[in-house]
1. If you take the residues in segment 159-170 that are over 16 Å from residue 32 (Cα atoms) and in a helix (DSSP H, G or I), which one is most open to solvent (accessible area, probe 1.4 Å)?
2. For the structure I just gave you, tell me whether residue 90 is under 18 Å from the mean Cα position of the chain (by Cα), buried (at least 17 other Cβ atoms within 10 Å of the Cβ) and among the aliphatic types (A, V, I, L, M).
3. Can you tell me which residue is surrounded by the fewest Cβ atoms within 10 Å (Cβ to Cβ) among those in segment 125-134 that are free of Cβ contacts under 8 Å to residues at least 60 places away in the same chain and of a type outside the set (Gly, Ala, Ser)?
4. Looking only at segment 7-21, count how many residues are charged (D, E, K, R) and free of Cβ contacts under 8 Å to residues at least 24 places away in the same chain.
5. Kindly check whether there is at least one residue in segment 22-39 that is among the charged types (D, E, K, R), on the phi > 0 side of the Ramachandran plot, open to solvent by 20 Å² or more (accessible area, probe 1.4 Å) and touching a residue at least 60 places away in the same chain (Cβ under 8 Å).
6. In segment 109-158, what residues are assigned to a loop (DSSP other than H, G, I, E, B) and of a type in the set (A, V, I, L, M, F, W, C)?
Amino acid sequence: MSFEFDFTVEQVRQLVPRAIGGPDWWFNEMQEAFPKYDIVTVARVASFIAQCAHESGGFSMMEENLNYRAATLTKLWPQRYPPGIAEQYAGKPELIANKSYGGRMGNGPEASGDGWKFRGRGLIQLTGRSNYTACSRAMFGDDTLLENPDILFDPYYAIHSACWFWDKMKLNQYADSGDIVTMTKKINGGTIGLDDRQKHFKHAMEVLSGHH
């Protein structure tokens, strides 16, 4: 399986100029990983790069930023961080992760530390013990990711874990129909950052289809 269009390193340089380690490195990983998951059309590659660029600050951040202020915590999770509680967690990413993700997504309770251990990592912010377990079995055939979740900071695993998630959520079909809203909900759980994702997508479609 190869790409159905002329996929070049120049395109990736235009789309993610600030990528960690440089766009050329990422292009090589994309060339190797995308065909395995049938991400081979302009719309599919554009959708993948656009969503990941939004999630990772243009391929520049491989972990979730959980350094929230109190007001932001209350706004994002009013039940979990009412005023008074929010101040105790503000600016403490590890505590925030354990409280926000404790007892969800396969994680143990807040005190277990799973929330922080399995916080969002990689290009698409893989989150929670359940996802880490499933991804680890798919990529390694064992529990490597549970033992060493930080390997998702490595661009090779960052892109392969994102492809795995993409495939698991069957996102190619939404790329084919241009349904960015449903795709975003499958990735994000809501539609946070939709405008930015759509802007990235429009730009990626232009660059990949050769209309500059």
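1. 168
2. So residue 90 does not fit the description; no.
3. Filtering first and then ranking leaves 133.
4. 2
5. yes
6. The answer is 118, 123, 124.
Results for (1) in contact (Cβ under 8 Å) with a residue 24 or more places away in the chain; (2) of a type in the set (S, T, N, Q), shown as yes or no for each residue.
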site	(1), (2)
136	no, yes
139	yes, no
145	no, no
152	yes, no
168	yes, no
172	yes, yes
178	yes, no
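Okay, residues lined up against (1) in a loop (DSSP other than H, G, I, E, B); (2) charged (D, E, K, R):
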residue	(1), (2)
35	no, no
49	no, no
58	yes, no
66	yes, no
80	yes, yes
83	yes, no
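The values are calculated or read from the model by the stated rules, or taken from the named source; none is laboratory data. This structure is a prediction, so every number in the text was calculated from the model and none was measured. Quick reminder, even Gly has a Cβ in these numbers, built from the backbone with ideal geometry, and neighbours come from all protein chains shown. What goes into the accessible areas is simple: the full protein's heavy atoms, side chains included, and nothing from ligands, DNA or RNA. Shrake-Rupley method; radii C 1.70, N 1.55, O 1.52, S 1.80 Å.
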